[in-house]
Amino acid sequence: MVAGAHRLQAYTELKQEEGSTYDSIPVRVIGEGNALQVELSENFFRNDLTVIEKAEHLDRYIRSTSTDTVSVKIDELAKQSSSTDRTLYRYKKIGAGINTKTKTMIKQLDNGLANSTRQLLYLATECSSAEANNNGKIVSEQEQVIALIKANPELKVQDAHKQLKGEEKPVKEKMASVRVPSTVKSDLETLAKEKEIPEKEFTQAFLEAALVAYKNGKLVL
């Protein structure tokens with residue numbers, strides 16, 4: 001069976017109920033090539049998948065056949081889901097831009113990186129996925145960045161990349177603790193969901209941008 005395990009289980013349980021009228025359910029027999037596309041498409045919409053896992057599924061889905069263009073496939077998925085084309089293209093860059101070893105390392109971390117579109121996109125586009133000799137060990141720049149984060153889970157991908165390149169980590173300005181009104185917090189949560197960015201990460205970026213705007217005279221309180 002390619003797709004429909006939960007539906008089959010529901011049918012099985014309903015059929016066992018007293019007075020059940022469920023005698024059969026329709027199925028569709030498909031070829032091996034289409035089976036892979038259906039399976040990947042079905043898995044892509046699971047709510048329990050992380051961003052890195054969705055990116056993997058999307059990358060495999062796009063590679064599963066050469067008959068359709070990338071834009072056509074992404075458009076198909078966008079119509080079937082609540083994701084926008086822009087979000088899916090980001091997933092595509094992540095899926096195609098991060099090598100397999102690095103993806104495995106990311107899944108083993110427990111710091112939320114697997115679900116951070118912003119950091120994963122940076123890793124896919126700014127860090128090399130090609131393997132290179134690093135002190136006698138063949139690893140990619142991406143793997144080295146994740147190794148730094150594994151040693152220090154508080155590090156962001158951007159900062160780990162700077163450390164790897166020997167660049168000094170920028171000193172963040174300390175921000176005074178403020179109490180955010182519930183209405184403002186609700187608006188920030190809504191915006192974070194629309195942008196598909198983790199709430200804490202979005203709020204931090206939003207406050208930093210507001211601080212810069214205030215210092216530049218573009219935000220008046």
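Worth pointing out:
- Extreme residue, most open to solvent (accessible area, probe 1.4 Å), among residues of the stretch 180-221 that are of a type in the set (Val, Ile, Thr) and either touching a strand residue (DSSP E or B) at 6+ places or on another chain (Cβ under 7 Å) or closer than 26 Å to Arg90 by Cα (or both): Thr190
- Which listed residue, of Leu164, Leu188, Leu155, Leu219, is modelled with pLDDT of 80 or more and more than 23 Å from the chain's Cα centre (by Cα): Leu164
- Of residues in the stretch 1-36 being part of a helix (DSSP H, G or I), closer than 30 Å to Arg63 by Cα and of a type outside the set (A, V, I, L, M), the one modelled with the lowest pLDDT: Gly33
- Checking each residue of the stretch 168-185 against the condition of being out of contact with any Asp or Glu (no Cβ under 8 Å at 6 or more places or on another chain), more than 28 Å from Ile98 (Cα to Cα) and either among the acidic types (Asp, Glu) or at pLDDT 90 or above (or both) gives at least one match.
- Leading residue by the ranking (farthest from Leu109 (Cα to Cα)) among those in the stretch 130-152 that are in contact with a Ser or Thr (Cβ under 7 Å, 6 or more places away or on another chain) and modelled with pLDDT of 90 or more: Ala130
The values are calculated or read from the model by the stated rules, or taken from the named source; none is laboratory data. Quantities reported herein were computed from a predicted structural model and do not represent experimental measurements. As a convention, Cβ positions derive from the backbone with ideal geometry for all residues, glycine included, and neighbour counts pool all protein chains shown. Surface areas here come from the heavy atoms of the whole protein model, side chains and all, with no ligands, DNA or RNA. Shrake-Rupley method; radii C 1.70, N 1.55, O 1.52, S 1.80 Å.
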